[in-house]
Amino acid sequence: MAEPELLLDSNIRLWVVLPIVFITFLVGVIRHYVSILLQSDKKLTLEQVSDSQVLIRSRILRENGKYIPKQSYLMRKFYFNNQEDGFFKKTKRKVVPPSPMTDPSMLTDIMKGNVTNVLPMILIGGWINWTFSGFVTTKVPFPLTLRFKPMLQQGIELLSLDASWVSSASWYFLNVFGLRSMYSLILGQDNGADQPRIMQEQMSGAAMAMPADTNKAFKAEWEALELTDHQWALETIIEHLHHLALKSEV
Amino acid sequence: MASISEMYDVGWEEMRDKLRKWREDNCRNSEQIVDVGEELISEHASKLGDDIWIIYEQVMIAALDCSRDDLALTCLQELRKQFPDSHRVKRLSGMRLEALERYDEANKHYDAILQDDPTNTAARKRKISILKAQGKSTEAIRELNEYLEQFVGDQEAWHELSELYINEHDYGKAAFCLEELMMTNPHNHLYCEQYAEVKYTQGGLENLELSRKYFAQALRLNNRNMRALFGLYMSASHIAASPKVSAKVKKDNVKYAAWAATQINRAYKVKLSIWTATKSSLLHLFSKMD
């Protein structure tokens, strides 16, 4: 059965939909510039730089080791993985896990992250909900179940209304996620306004990018290097080349 | 003396773009850079905006190459005024001192930078090049080794070290450095070819075979590499001439050497025909002009 289409006042489009888009966008731009201002300098120590390069070298050895002679490959593998004094076995870095409470710079970083990202989103979301309440704003193009009603239709207490009709708060959230590509167009990649990505990074970053975890990285690299074998790519190269050359001459 | 813009009929934007291209390609055509850059700075400084600082740096290094101390000093002073605390500018003033052969003062400059920022690679590399300029190659090699222990990923440094070792005739270690380079740039035929040449110079049957393989690899990556072709011919013929190989290996290598020889002949024939064609067209042109 055909659902009756609701006809919305075009004023809604003019005074609700567009302003929310503008507000979201401008807040994002402001957030980007504020994050630039509040950015603190990250000083890398010599050890960190050196370690990161060693890890890269070991990875390249694994990947491209087949281009150098077997002897050289074994020499390097031995250097890294030898039981007594291989680099990965011998080097133990002092691991100071930077817990948020004790490390002051981490603490300020987290605070700044909260202030610039989460707080404005909550405030503005709440304000929009309060200002633009009591009417539906837009309809999402796909059908939703009834479970979504209390979430997406915050101020409207109609039992029979289709769940596809959403309120302005949900339009705001849609904007936050949707304008990410606009931000990268205007502000360039890696901008401070890309909030969902920042939230994602915060959640996964806290789990993996701990700078003091080089010991674990070394261990992982050691295991990987133990497993790789040397398959010399140049074993039959001259025959291959000769064959190709003869073929092309014919 | 006519200015560049009059001689070549280019505007300041084209000159600026040319400088940018040279900067990105890392060309070392210092005289041209000095000519173009000097004019750009003196006539069109205000139009360049923020680009001018990087042009100052580029022109200054080129001026040091051409012994234009006056120009280098002006550029340096402008940069110092704008960026008083910058390590990059300090490095440039160190380079100027090096050009004037005041090596001790330059060393002091670089030590100051390193004290402030131990991870600064540019200052370390300049110190090593001072040692090289003074002719102290053993110390330069030692310092470079220490540098590479810290910064294993610096390819420029590996290449420099391989050159230093070749100069000292320490071919084994040079081969090690080139292996690092080959691993990080597996598709660069020049490294393969250099490695093959080092192995060929080391001599001995194993190394000859290795060098033949790597010359072949270089040819596979770029089949117009003449040096690799020559190298293939030489190494194959040497292996064939060696008394220790089996008859089959000898036969194979003779075959490879012959193939390489035909390729070389063919390449020269093509070049010769191009050359004779050019020569005849030029003669034709000259005869018409008379």
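All of the numbers you see were taken from the coordinates with simple rules; none came from a lab. What you see is a predicted model, and the numbers here were worked out from it, not measured in a lab. Note that each Cβ is placed from the backbone with ideal geometry, even for glycine, and that neighbours are counted across all protein chains shown.
Computed 3J(HN,Hα) for segment A:144-150, one whole-Hz value per residue from the Karplus formula 6.51 cos²θ - 1.76 cosθ + 1.60 where θ = phi - 60°, is 10, 7, 5, 4, 7, 4, x, glycine and proline marked x. Using the Cβ-Cβ distance between residue B:67 and residue B:201 with R0 = 56 Å, the FRET efficiency computed as 1/(1 + (r/R0)^6) comes to roughly 0.95. Summing charges over all other residues whose Cβ lies under 9 Å from the Cβ of residue B:174, with Lys and Arg as +1 and Asp and Glu as -1, gives -2.
Shape call for segment B:41-169 from the C-alpha gyration tensor, a ≥ b ≥ c root eigenvalues: rounded (a/c under 1.5), prolate (a/b greater than b/c) or oblate? Let's see the in-between values first.
Working: a/c = 2.08, a/b = 1.83, b/c = 1.13.
Prolate, since a/c reaches 1.5 and a/b exceeds b/c.
The calculated pair-distance distribution of chain B uses every alpha carbon pair, bins of 5 angstrom beginning at 0, and gives 1, 5, 9, 10, 11, 10, 11, 11, 10, 9, 6, 4, 2, 1, 0 percent. Checking the cross-link pairs B:173/B:255; A:70/B:244; B:81/B:132; B:21/B:47; B:21/B:269; A:77/B:251 against a 25 Å limit on the alpha carbon distance flags B:173/B:255; B:81/B:132; B:21/B:269; A:77/B:251 as lying beyond it.
What is the Cα centroid distance between segment B:163-223 and segment B:50-119, reported in whole angstrom? Spelled out, the Cα-based centre of one part sits 36 Å from the other.
Using a/c under 1.5 as the rounded threshold, could you call segment B:1-116 rounded, prolate or oblate? The axes a ≥ b ≥ c are square roots of the C-alpha gyration tensor eigenvalues, and prolate needs a/b larger than b/c, oblate otherwise. Kindly include the intermediate steps, with their values, before the conclusion.
Details: a/c = 2.29, a/b = 1.83, b/c = 1.25.
In terms of gyration-tensor shape, prolate.
Backbone phi angles across segment B:103-118, fed through the Karplus curve with coefficients 6.51, -1.76 and 1.60 (θ = phi - 60°), yield HN-Hα couplings of 5, 5, 5, 4, 4, 4, 4, 5, 5, 4, 4, 5, 5, 6, 9, x Hz in residue order; Gly and Pro are listed as x. Count Lys and Arg as plus one, Asp and Glu as minus one, and take only other residues whose Cβ is under 15 Å from that of residue B:210; the net charge is then -1.
Positive end of the dipole of chain B (Cβ unit charges, origin at the Cα centre): among B:287, B:130, B:42, the Cα lying farthest that way belongs to B:287. Tell me whether segment B:172-290 comes out rounded, prolate or oblate; compute the Cα gyration tensor, take square roots of the eigenvalues as a ≥ b ≥ c, and use a/c under 1.5 as the rounded threshold. It comes out oblate by the Cα gyration axes.
So if each residue of separation counts as 0.36 nm, and I subtract the Cα-Cα distance between residue B:281 and residue B:50, what length gain in nm does that give? Could the numbers behind the result be given before it?
Values: separation 231, 0.36 × 231 = 83.16 nm, distance 4.86 nm.
Contour length minus the Cα-Cα distance gives 78.3 nm.
Label-to-label distance, residue A:87 versus residue B:115, with points set 7 angstrom from Cα along the beta-carbon direction: 3.1 nm.
Pick from B:110, B:195, B:256: which residue has the top mean-square fluctuation in a GNM of chain B where Cα pairs under 10 Å get a spring? Maximum among the listed residues: B:256. One decimal place: the segment residue B:264-residue B:288 gains 5.0 nm when fully extended, by the rule 0.36 nm per residue minus the C-alpha distance. The calculated FRET efficiency for the pair residue B:9 and residue A:59, based on their C-beta separation and a Förster distance of 41 Å, comes to about 0.20. Residue by residue, segment B:243-253 carries 3J(HN,Hα) couplings of x, 8, 8, 6, 5, 5, 4, 4, 4, 4, 5 Hz when phi is fed to the Karplus relation 6.51 cos²θ - 1.76 cosθ + 1.60 (θ = phi - 60°); x denotes Gly or Pro. Let's test the formula: R0 of 30 Å, r as the Cβ-Cβ distance of residue A:224 and residue A:124. What FRET efficiency results, to the nearest 0.05? That pair, residue A:224 with residue A:124, gives E of 0.05.
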